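A short worksheet on the structure shown next.
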Amino acid sequence: MAARAYWQGQIRLALVSIPVEIYPAVKSGASISFRQIHEPSGKPVKYEKVVPGIGPVDRDEILKGYEIGKGNYVLLEEDEIEAVKLESKRTLELVQFVDADEIDVLYYEKPYYVVPADDLAEEAYIVLREALRKARKVGVGQLSVRGSEQLVSLKPCGRGLVLEILRYADEVNKAANYFRSIGDAKPDKELLDLAGTLIEKKSAPFEADEFHDRYIDALKGLIEKKTKAKGKRVIEEVEEPAAQRGSNVIDLMAALKQSVEGKTSSSAKGKASSSAAAKAPRKRKSA
């Protein structure tokens, strides 16, 4: 396999060990990378490792240090850090099995594909995959990788297994801290029915490739215009839609009814025309 494994080791379930390799299931999306440029010279700005009172230093003179007091550090060599003994460095032991819906979506962080390391591991791998599928359970364990021990889940995915990095409890903010001020009032039944009808009307299978980063597209367009303008300043005037005011209940009821019936209010038409104008080429201001 061409990709580099994120982790290599074994999954252990009681006395059964399955050699596996773990590969990233996702990759970075489209992005625009900027450099800091010294405007008078047009040259990129560089950064150096500098020690106060000494100046620039070589990378091979740098160690990792843990501050135990102001200005007092314990220095650690890379091989000392690597030598820290953790069984999870090479073994992912499944210590618990839970229903998939028991793990809140807030705890899921990043997915990885898990594949058998060789043909000999495939039989046990398939048995584990099908046992999880039949039981409708998710395996939970910990593995050590790149300087930390991570909490993970393991579940079937098609012909394989997917491992997902989970956040620890102290990494997740308690929802009550943000939602406690929201009232307990029951919504108006007609409003609820209208909202349900609108949701049903807009329901469709999720197709990930139908969505893309419009901000990146707009930045690329700006860069292209700037290139054609030969470095001159380019500013596009964008009209922001005016905020609507009034009775929330009346506005919400009218908006929901119009949405369900497929009608467009005058303000919505204004927004639509603004949106269309935003898509149309605009005059550039050059300086």
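Values in this text are rule-based calculations from the coordinates and carry no lab data. As the structure is a prediction and not an experimental result, all values here were calculated from the model.
Averaging over every viewing direction, what projected area does the convex hull of the Cα atoms of the range 57-134 cover, in nm²? Please list the in-between numbers first.
Details: hull surface 41.2 nm².
The number I arrive at for the range 57-134 is 10.3 nm².
Straight-line cross-link reach from residue 202 at under 14 Å between alpha-carbon atoms covers these aspartates and glutamates, not counting any fewer than eight positions away in the same chain: 261.
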